[in-house]
1. Considering only residues of segment A:90-123 that are exposed (fewer than 15 other Cβ atoms within 10 Å of the Cβ) and among the acidic types (Asp, Glu), which is modelled with the lowest pLDDT?
2. Which residues, counting only those in segment A:2-29, are over 14 Å from the mean Cα position of the chain (by Cα) and part of a strand (DSSP E or B)?
3. Could you tell me which of the residues B:Glu262, B:Glu275, B:Glu236, B:Glu254 is more than 14 Å from chain A (Cβ to nearest Cβ) and at pLDDT 65 or above?
4. Search segment A:82-110 for residues that are in a helix (DSSP H, G or I) and pair each with any residue that is basic (Lys, Arg) when their beta-carbon atoms are under 8 Å apart and the residues are at least 6 apart or on different chains.
5. So in segment B:138-182, with the set limited to residues that are among the acidic types (Asp, Glu), modelled with pLDDT under 85 and farther than 14 Å from B:Leu67 by Cβ, which one is surrounded by the fewest Cβ atoms within 10 Å (Cβ to Cβ)?
6. Would you confirm whether or not segment A:61-71 contains a residue that is within 14 Å of another protein chain (Cβ to nearest Cβ) and in a helix (DSSP H, G or I)?
7. Residues B:Leu176, B:Leu163, B:Leu155, B:Leu188: which one is more than 23 Å from the chain's Cα centre (by Cα) and under 20 Å from B:Ala90 (Cβ atoms)?
8. Given the structure, is A:Ser15 buried (at least 21 other Cβ atoms within 10 Å of the Cβ), within 14 Å of another protein chain (Cβ to nearest Cβ), without any contact (Cβ under 8 Å) to a residue 24 or more places away in the chain and not basic (Lys, Arg)?
Amino acid sequence: MKILVVEDEILIQKSLQIFLQKRGAEVDVSSNGKGAIEMILNKEYDRVVCDLMLQDITGFDVIEEAKSKYTLEEISKLFVIITAYSSEQVLEKASTYNCEVLNKPFSDMQEALDIMMSKKGKA
Amino acid sequence: MENQGDTSNKTSAAGLRIAADDFRLPLNYQKLKKQISHTSSFSKTSNFLNQKSQVCDDAIEFCEELLSYDGFQTFRTVHFFIHEKGKSFASKYEISKSAFSSKELHVNEFNQLFQAIKKSKNRSFGQEALKGFTFDILGTFLAREFSLGNHNIILVVSRNDFLSQTNIEKKAFSELSKVIAPYFEIILDKELQIQQFRHIKLAYEHLPYKVLLSQDKSPNFKKLPSAKYFKLEALESLDKADIFHQERIGLLGELLNTLKHELSNPLFGLQLSAEILCHEIEDEDSRIFMEEIASSIRRSQSIISNFTEFYTTSESLKSRDIERMVHEVFTLTKSQSRNILKTFETIGEKDEGFILEANSVWLAQIIFNLVVNSAQALNQTDATDAKILVRAKLRHPFELHVIDNGPGADEEEVQKIFRPFYTTKEKGTGLGLAISQSLAAKLGGKIEYIAQGQGAHFVLRLGT
């Protein structure tokens, strides 16, 4: 399974990379949105774990750009959104993409990893 | 001037008081009434709802009444989810004829459920349909979401069995869903109005101003949303230090919220990496070192999340909240009370249903000041068995004692102890006790010094 982790908090990014690698995933990382878009468009990923508050653009912008390559249904399965600040507006917006949303800090690390590694994304 | 004097006389003579009607709180009565009267003339359902909504005091009662709706006879339970917009928590109520329970859930969970129901076509669900939600509804159910002015709600009815719904049941639910929204809106807005008025009244009671009310328009009077007029007059003995202090506390609350958001992400990063390293490090000493780091990180995370709770204003406190508050104060005063043994105990029997109606931030501030006061006094001594004991009577009338085994105060000092800028400490400002006393007065209570053999003993009494 090939996973891209988009997260600007370096320690979270590296830790997720290690946790996911331990579960057998092949993991690429990006600390910013623009780099992530390039990687999504040029490579094939089974899952993109994406933070919403990035330094350059938002995670939503990344998803919007991914639309040029993937259908809406594919996007709902491809992306797992991770966010530290989930207001109603953010969640409502996230729900329009129908992606899985995880709150940081994760209340259950194993469960969070299960979701990131799941075949289908959101059921 | 004469006119003004006249008005204030009238004010007291007429005994004018602030009332809920003086504020136009967000109610859409007129619009809603119109909607209702439009539908009610020709519908049996609307007649039913009209009748029930008038006799119910709150939404829970209203939900219970729904079980008697024609076509709902087979339904056993109503699950009612409600989220007041802007709040971080939603509530879930399980209501049946014989039982009632409630639960809090995170707004994220609520919103996910809300969206799932909104997206479904027939609003009829089995166990499978909403898999992944912590949603303890037995069997199949019908659900419908409503977005109201101030709330989002979800109404779920179930038979508590696994048979799918009959067409009659589906029809009854759909008929009801079509017209029920404005009734919920009226009932919920009314609840909200009562709550908001309670807040206004509290702010009004604690304003550092005297509020003059008048029926007539006089110079310098401003109009309330109702027909009344008001004017603010500064109190003679306005304690400036006190106002600054209030502002500072308010600011601190905001600052801490920002801090929480800014710190929680890097702390989470530290938590995850420490967890990984704890497993990777083979050298025993280094591993133990790393585990210490991990546990410090977890403590930081819990402090930062408790902090913000500490500075969230609430107006009614349960026994548990008060206990938690005292322990939080112990944590927050740690730097000043490092070598002091701090204990909390309750006096006599605890009344589990006890609720203290008091501003939580002010109460916390008083406890904080009293504990710091004791700690500072103890730090000036060389005592090796320094102790602070906080004892609370968790029933009416509320009492909270802060007792230490420090030098205490002699008779002469006791007279001046609550005066601003009076201090016996090298680095004291002389404001801690003065501010605490003025906060206690605002809570309708008093702090007293109890002279005893050794050490200091303060008691805060509220609602006597």
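The values are calculated or read from the model by the stated rules, or taken from the named source; none is laboratory data. Remember, it's a predicted structure, so these values are computed and weren't measured experimentally. Quick reminder, even Gly has a Cβ in these numbers, built from the backbone with ideal geometry, and neighbours come from all protein chains shown.
1. Residue satisfying both the conditions and the ranking: A:Glu92.
2. A:Glu26
3. B:Glu254
4. Listed pairs, sorted by first residue: A:Glu88/B:Lys85.
5. Only one residue tops the list, namely B:Asp161.
6. Within segment A:61-71, not a single residue is within 14 Å of another protein chain (Cβ to nearest Cβ) and in a helix (DSSP H, G or I).
7. B:Leu155
8. Yes, satisfied.
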